[in-house]
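Enquirer: Starting off with a structure, shown below.
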Amino acid sequence: MTSTPDRTPTQRRVLPAGENGSLWEARPSCGIFKFRGVRLRLMVEDPAEVLFPTDCGLSLLSALNGDAAPALEGVNALDLGAGSGIYSVALLAAGAERVTALDINPASVAQTVANVMANGLDGTRLTCVTSPLEEYTPDERFDLVITNPPHLPYDPSYARGDGLETALVARRGGRAMYDAVIDRVDRFLAPGGSLLMAHSSLADIPRTVAELTSRGYETETLEIFEMDIPLLAYAEHMETLQTRLKELRAAGRAEFDGSRFTVHALVFRRPSGAIHH
């Protein structure tokens, strides 16, 4: 595997094992979280249609509460894989000028809009798009792109084709969405803009860092979180999932210890000048 991010923080937050270690105050279909001084509420009306945000995704927002996090006021942002709309809600509450929420799951639109409106935010500053990432061609570039890609390795025994499952499981050893983001981020992100990513250690963090660094992006790790691999969500296929993960670890493409892994809250800053491939 390749080198680690440019700057690694000294702080590593360890979430206790088991359900009580969650960053949520309530779950699984309703949660309260505070972002940049604003208390926000998130609902998922049908958890079978839209994934209630996991600690993996919530960790990025927790890291963005820190002093070293980028400014969000006035930005034009793209929320990739919006799901329930948690990032769209947080960005609008923090003063983003506009947010485009993209998801392949049609149920994401209604849920994102509902959560934005339920928090008293300006819905006219939100645009929702239903499309695969690879087919999305916006007519503008964004100041900020934020994403929490699916990171569990694919296996036909437990992976389905619906929008809920694609929020967790990805082909190419759990890297399909990461690779798609890397492939298209130059088309989405304005020069000088930032890509904010919750990156799982199960999906080869050094590879992502190396590919974007080679294109001139500056990389910073805001915070590292240690938490449980969501094995209980795949109780019937736990052995298969563990086998896939061990294969990735043996190939140097995943890092975990027992049932614990880490999520790195990463910032990739695009250079202001031209990018040479």
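The values are calculated or read from the model by the stated rules, or taken from the named source; none is laboratory data. Values in this document were obtained by computation on a predicted structure and should not be read as measured data. Cβ sites come from the backbone with ideal geometry, for glycine too, and all protein chains shown count toward neighbours. For the accessible areas, the whole protein counts, side chains as well, though only heavy atoms, and no ligand, DNA or RNA atoms are used. Shrake-Rupley method; radii C 1.70, N 1.55, O 1.52, S 1.80 Å.
Enquirer: Name the single residue that is farthest from V169 (Cα to Cα) among those in region 241-253 being out of contact with any Phe, Trp or Tyr (no Cβ under 6 Å at 6 or more places or on another chain) and open to solvent by less than 50 Å² (accessible area, probe 1.4 Å).
Expert: Here the answer is G252.
Enquirer: Can you give me the number of residues within region 102-117 that are touching a strand residue (DSSP E or B) at 6+ places or on another chain (Cβ under 6 Å) and at pLDDT 95 or above?
Expert: 5
Enquirer: Next up: Can you tell which of A63, A107 is open to solvent by 20 Å² or more (accessible area, probe 1.4 Å), in contact (Cβ under 8 Å) with a residue 40 or more places away in the chain and aliphatic (A, V, I, L, M)?
Expert: That would be A107, the only listed residue that is open to solvent by 20 Å² or more (accessible area, probe 1.4 Å), in contact (Cβ under 8 Å) with a residue 40 or more places away in the chain and aliphatic (A, V, I, L, M).
Enquirer: In region 216-240, what residues are outside any strand (DSSP E or B) and open to solvent by 40 Å² or more (accessible area, probe 1.4 Å)?
Expert: G216, P230, L232, A233, A235, E236, H237, M238, E239, T240
Enquirer: Moving on to the next point. Please tell me if F256 is among the aromatic types (F, W, Y) and out of contact with any Lys or Arg (no Cβ under 7 Å at 6 or more places or on another chain).
Expert: For F256, the condition - among the aromatic types (F, W, Y) and out of contact with any Lys or Arg (no Cβ under 7 Å at 6 or more places or on another chain) - is not met.
Enquirer: Can you find a residue that is touching a residue at least 12 places away in the same chain (Cβ under 8 Å), open to solvent by 60 Å² or more (accessible area, probe 1.4 Å), closer than 25 Å to T166 by Cβ and part of a helix (DSSP H, G or I) anywhere in region 254-271?
Expert: No, region 254-271 contains no residue that is touching a residue at least 12 places away in the same chain (Cβ under 8 Å), open to solvent by 60 Å² or more (accessible area, probe 1.4 Å), closer than 25 Å to T166 by Cβ and part of a helix (DSSP H, G or I).
Enquirer: Further question: Report, by residue number, each residue of region 114-152 that is among the hydroxyl-bearing types (S, T, Y), open to solvent by 60 Å² or more (accessible area, probe 1.4 Å) and in a loop (DSSP other than H, G, I, E, B).
Expert: Result: T137, single match.
Enquirer: Please work out if L196 is farther than 21 Å from E247 by Cα, in a loop (DSSP other than H, G, I, E, B) and in contact (Cβ under 8 Å) with a residue 24 or more places away in the chain.
Expert: In short, no.
Enquirer: Right, another one. Scan the strands (runs of 3 or more DSSP E) fully inside region 1-73 and keep the ones with 1 or more residues being among the basic types (K, R) and modelled with pLDDT of 80 or more.
Expert: 30-35, 38-43
Enquirer: Has region 91-98 got any residue that is assigned to a helix (DSSP H, G or I), in contact with a strand residue (DSSP E or B) (Cβ under 8 Å, 6 or more places away or on another chain) and either surrounded by fewer than 23 Cβ atoms within 10 Å (Cβ to Cβ) or basic (K, R) (or both)?
Expert: Scanning region 91-98, I find at least one residue that is assigned to a helix (DSSP H, G or I), in contact with a strand residue (DSSP E or B) (Cβ under 8 Å, 6 or more places away or on another chain) and either surrounded by fewer than 23 Cβ atoms within 10 Å (Cβ to Cβ) or basic (K, R) (or both), so the answer is yes.
Enquirer: Residues of region 172-208 being crowded, with 23+ Cβ neighbours inside 10 Å, of a type outside the set (G, A, S) and over 21 Å from N76 (Cα atoms), which ones?
Expert: Passing the criteria: R175, M177, Y178, H199, L202, D204, I205, T208.
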